[in-house]
Amino acid sequence: MKNIKPYPTEDELPSVKTLNEIDFSATYSYADYMRFEFEERLEIIKGYIFEMSPAPSRIHQKISGRIFNPIYNALNGYQCEVYSAPFDVRLAKKSQDDREVFTVVQPDIVVVCDQTKLDKRGCIGAPDIVIEILSPGNNKKELINKYEVYEEAGVKEYWIVSPTHKTFFRYILDDNGKFQPTKLLTEGEEVTTKIIPGLKLVLDEVFKD
């Protein structure tokens, strides 16, 4: 009788040691992502690989901190938790099996209120708030795909912050599971959200030179 070799387990699959081994036209799962051993940061959106910027700029990091800290302070006493990149968010559709998860992203900041979604590897499922701080490395395809996967996953609020233009834009998920745009905000205005009742994000302070 002919011996049939079983499909290899995740532990048996070879590691990927350099970015040159990645086929950007192929599709990848979170199981593949876990085999990447190179230093370059990648995200997988709908199975396709997107390279992240080598390192955020100083302005990017400064703005990230000015958003993260008020959120962290406002969450004192609440069950919600806030995390900043690098922090893996796996957006599963049909199964949470690593080989069936085809979107894993590293938003700049996330707020997660459902503790069951948190594990030692990050978050599995939709955070309540996702915050992306734009950089010159972002491309339109990436932003469109992220909008779609965040909406499909049920992210309640998606915040987009532009350091270049000093603007803040927010999508809020409606009762039909669709993102609704809100007013574009800039310096001189404040951000509040029902998800974090005590938060008042002052954009003058966020974008201060």
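Computed from the coordinates by the stated procedures, all read-outs in this text should not be read as laboratory data. Everything quoted here is computed from the prediction, not taken from an experiment. So basically every Cβ, Gly included, is an ideal-geometry build from the backbone, and we count neighbours across all protein chains shown.
Considering only 118, 201, 89, and ranking their Cα positions along the charge dipole of segment 58-206 that arises from unit charges at the beta-carbon of Lys, Arg, Asp and Glu, the one farthest toward the positive end is 89.
Determine, from the Cβ-Cβ distance of residue 135 and residue 35 and an R0 of 22 Å, the FRET efficiency 1/(1 + (r/R0)^6), rounded to the nearest 0.05. Efficiency at R0 = 22 Å is approximately 0.25. Partnerless cysteines in the chain, where a partner means another cysteine C-beta under 4.7 angstrom, comprise 123.
As a proxy for reagent exposure, 16, 155 were ordered by neighbouring Cβ count within 10 angstrom, fewest first; the result is 16, 155. When the C-alpha to C-alpha distance is required to be over 29 Å, the pairs from 46/178; 117/166; 146/183 that qualify are 117/166.
Relative contact order of segment 56-181: 20 percent, from C-alpha pairs under 8 Å at least 6 residues apart in sequence. Placing pseudo-labels 7 Å out from each Cα toward the beta carbon at residue 119 and residue 202 gives an inter-label distance of 4.2 nm. Over the chain, the Kirkwood radius and the radius of gyration, each from Cα atoms, give a ratio Rg/Rh of 1.01.
If you take the charge dipole of the chain about its Cα centre, with +1 on Lys and Arg Cβ and -1 on Asp and Glu Cβ, which of 154, 180, 26 is farthest toward its positive end? Of the listed residues, the answer is 180. Placing unit charges on the Cβ atoms only, positive for Lys and Arg and negative for Asp and Glu, gives the chain a dipole magnitude near 160 debye about its Cα centre. If you average the alpha carbon positions of segment 146-209 and of segment 71-126, how far apart do those two centres end up, in angstrom? If you average the Cα positions of each part, the centres end up 18 Å apart. Against the chain, whose longest principal axis is taken from its Cα atoms, helix 58-74 shows a tilt of about 80°.
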